[in-house]
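Coordinate-derived values only; no laboratory data. These numbers were taken from a predicted model, which means no experiment stands behind them. Neighbour counts are summed over all protein chains in view; Cβ atoms, including those assigned to glycine, are modelled from backbone coordinates with ideal geometry.
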């Protein structure tokens, strides 16, 4: 069974232009707890399951609400200036959910494109960073269904 994201799933992407460690993924991974409480594991597995259900059902709001990690995100959030304010502003402007992209510092907001304007969410995220003296790039994107591809030979 192939799951495809709903056509109204739009992503507001905000990349704070901050210094990151040379091996940022390795660095960010090293900060994570070695042990996780059972309640945290149950929380994350339930939310991961809800995310898959949201994709299968075409429910963007469920996808956004499922983006609620209680193990990795709180640790990595500390590496991103203004994280809480940017997240709050995205949700206030209409995002269904917000998460850190990979090891960070990119922040991604899920938006129901039939109800809200993802460019307004991205703009609000960028403005929140700016209020904390952090320059940021903003983009609006849709999930890529093709995967990786070579754009030029060489």
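Placing one equal scatterer on every Cα of the range 9-141 and applying the Debye formula, the log10 ratio I(q)/I(0) at q = 0.17, 0.18 Å⁻¹ is -0.91, -1.00.
Classify the range 58-108: rounded, prolate or oblate, from the alpha-carbon gyration tensor (a ≥ b ≥ c, eigenvalue square roots; a/c under 1.5 rounded; otherwise prolate if a/b is larger than b/c)? Oblate shape, in that a/c is at least 1.5 and b/c is the bigger or equal ratio.
Show me the ranking of peptides 107-114, 23-30 by mean Cβ neighbours inside 10 Å, starting with the highest.
Numbers: 107-114: 22.6, 23-30: 12.9.
Order by mean packing, descending: 107-114, 23-30.
For the range 63-154, pairs of C-alpha atoms spaced more than 20 angstrom apart make up 38 percent of the total. Here the label points at residue 30 and residue 114, each 7 Å from Cα along the C-beta direction, are separated by 4.7 nm in the simple model.
With runs of 4+ DSSP H residues as the only contributors, calculate the mean residue ellipticity of the chain at 222 nm using -39,500 (n - 2.57) per run, divided by the residue total and rounded to the nearest 500.
On the way: 6 runs with 64 residues, N = 154.
Computed ellipticity for the chain at 222 nm equals -12500 deg cm²/dmol.
With a ≥ b ≥ c taken as the square roots of the eigenvalues of the C-alpha gyration tensor of the range 1-60, please select rounded if a/c is under 1.5 and otherwise prolate if a/b is larger than b/c or oblate if it is not? Oblate is the answer for the range 1-60, as a/c is 1.5 or above yet b/c matches or exceeds a/b. In terms of surrounding Cβ atoms within a 10 Å radius of their Cβ, 35, 117 rank from fewest to most as 35, 117.
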